[in-house]
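In what follows, a structure is listed as structure tokens, so that the remarks can point back to it.
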Amino acid sequence: MKKHKPLQWIVISFLVASGLILFNVSGVHSVDVTQNKECNETLLQADEWYQQGNIEEAIPLYRQCKPHLNSEEKTISDIPEPVYEIEELGSGERFWTQALEGLESENQKSKAFVYLQLMTARYPEFIPAHIKLAEFCQKEAEFCENSAKEEQPKTASEVISRVSQFYPSDPGLLKTRIELLAEEGKFLEASIAARQFSIINDDYPEAEAFGKLADQYLGQFEGKIQGELISKTVFTTLLSGGAAFLKNDPYQAVSGLQMIALMLQGESSLGDAYISAFVNDQRSRNQLVEDEEVVNYIKGIAGKMTPYMGRDFEYEYYVVKDPNINAFALPGGKIVVNTGAIMAANSEAEIAGLMGHEIAHAVLSHGFLKMARASFINSSGQVVGSVQELEQGIPFISRISNLMNLAYSREAETQSDILGTKMLASAGYAADGLRDFMVILKEASGNEPTSYLSTHPAPVDRVTYLEKLLVDKGYDPYRYMGIKRHQEIKERLKNLQ
Ligand SMILES: [Zn+2]
């Protein structure tokens, strides 16, 4: 087990809980090794050998020029390894015994609560205490709410969210989270959490069962919306009409009710409707890049990652002429990359990292969740919009851009970083591609936030986090970067009108 300082950890947890920081900022290596002429040549040689299958010789060259990441440098994050058995914790046994005693007796709620809160604050790495506290607060919701002090979590969800920021793919925590969400009737979020488990922990025996559970919860969510709408007989005409009101015209007005009807078509059909409207709009303004070489380059990158995406969709990829360093995903696997992002990246691996992150948002249904919120549906499938909101017509394309500008939750971002980096590494790219792209974003942002930053957390936090992820998972940064090919594509883009 790694050495750690509980007090510092608690301070960091508190800052995280209050939304002040994710992790402390450590020294971020500047990434653009291609600017150094000597290194650039070395890396070009490494890429060439790598592509020829001469991997043994390529790796030392990558090592020569790329910054080294190792766990010692990551001391600032200082997150201890998770512990599952009290004997392995090395202390805290007395508190844990008190907590368990309290849980056993009906009239010792306070004892259970106090000791569980104490355990989770003092030994955040001891996962069973968080799970017990969450289960307790689920059962004794009112008691928890009234007894929690200001800095303590008050609900079962808060307990799990707090610790999940540090152990986002811990199987025990994920399972508890899925159960809590399903019990609360939040089927869409339960589906996302189950999907995350099945894809990220795909080497666990329960992975397949969780994949099925994800589909089942998604079905329950859609069924719930349908039920809600059908019970309001006024909507039945609309429902029977399906999405027939869409005229393939991105500027047609679409009401809130019609948005809900669209959602009911399911994730993939929804993505289809959105992407055709978006592409029609971009094409009519000559903003869509139709150059075959550029489009095939992007599709080729995705093609290498396809076997590791973990979900069957009709994936589509587009490039639009937009100087902002940005990319986004629509539900059902429709991915759009701005030319600004391609121009800012130094290698194919960096663009692959960005794409992997966006694909992960689609795979984990994050866009669908965002869309539900924007369509007056809460995560339990209830319609929450006022009549006025539901009847108001807004151009379809405006609804799409409003949606794209809505930020994902920080948790969704972390999930996508994890899954995106997994795809990147599995496809044989330099595993630090996404991490390096975050450094570029940070340097580009300077005083002016780029549009990607308005919907994503600050890249500095993510750089530190991604470095830790690479070290912990043993993902290899000394793999194919694709510098030459990427430079060629950039040259091509410069000449495109
Ligand atoms: Zn994102």
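Only residues that are open to solvent by 50 Å² or more (accessible area, probe 1.4 Å) and farther than 23 Å from Glu222 by Cβ: list them for the range 396-420, please.
Asn405, Ala407, Arg410
Based on what the data block shows, is Ala344 touching a residue at least 24 places away in the same chain (Cβ under 8 Å) and open to solvent by 10 Å² or more (accessible area, probe 1.4 Å)?
Taking the combined requirement at face value, the residue satisfies it.
When Lys299 is evaluated against the numbered criteria (1) modelled with pLDDT of 90 or more; (2) not in a helix (DSSP H, G or I), which criterion, by number, is the only one it fails?
Condition not satisfied by Lys299: (2).
Looking at the range 307-318, can you tell me whether even one residue there is within 19 Å of Arg462 (Cβ to Cβ) and without any contact (Cβ under 8 Å) to a residue 40 or more places away in the chain?
no
Specify the residue that is nearest to Val463 (Cα to Cα); the eligible residues are those in the range 421-431 that are open to solvent by 10 Å² or more (accessible area, probe 1.4 Å) and either more than 16 Å from the ligand (Cβ to nearest atom) or assigned to a loop (DSSP other than H, G, I, E, B) (or both).
Per the stated criteria, the residue is Ala425.
Which ones in the range 83-110 are under 28 Å from Leu469 (Cβ atoms) and at pLDDT below 90?
Gly90
Taking the criterion of being over 20 Å from Ala407 (Cα atoms) and more than 19 Å from the chain's Cα centre (by Cα), would at least one residue in the range 367-378 satisfy it?
no
Residues are listed down the side, and each one gets a yes or a no for (1) out of contact with any Asp or Glu (no Cβ under 7 Å at 6 or more places or on another chain); (2) more than 19 Å from Lys370 (Cα to Cα); (3) not assigned by TED's automatic domain parsing to the domain that holds Leu133:
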position	(1), (2), (3)
Glu151	yes, yes, no
Leu173	yes, yes, no
Leu181	no, no, no
Lys186	yes, no, no
Asp202	yes, yes, no
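Hand me the list of strands (runs of 3 or more DSSP E) wholly inside the range 307-420 holding 3 or more residues that are more than 14 Å from the ligand (Cβ to nearest atom).
In the range 307-420, 316-320, 393-395 are the strands (runs of 3 or more DSSP E) which contain 3 or more residues that are more than 14 Å from the ligand (Cβ to nearest atom).
Being in a loop (DSSP other than H, G, I, E, B) and at pLDDT 90 or above narrows it down to one residue among Tyr204, Tyr251, Tyr217; which is it?
After applying the criteria, what remains is Tyr251.
Kindly state which helices (runs of 4 or more DSSP H) lie completely within the range 80-194 and contain at least 3 residues that are buried (at least 18 other Cβ atoms within 10 Å of the Cβ) and at negative phi.
Helices (runs of 4 or more DSSP H) meeting the threshold: 93-104, 109-122, 127-139, 156-164, 171-183.
The values are calculated or read from the model by the stated rules, or taken from the named source; none is laboratory data. The structure presented is a predicted model; accordingly, all values stated were derived computationally and were not measured. Here the Cβ is made from the backbone with ideal geometry for all residues, glycine too, and neighbour counts use every protein chain on show. Each accessible area value is taken on the protein alone, full model and side chains, heavy atoms only, with ligands, DNA and RNA left out. Shrake-Rupley method; radii C 1.70, N 1.55, O 1.52, S 1.80 Å.
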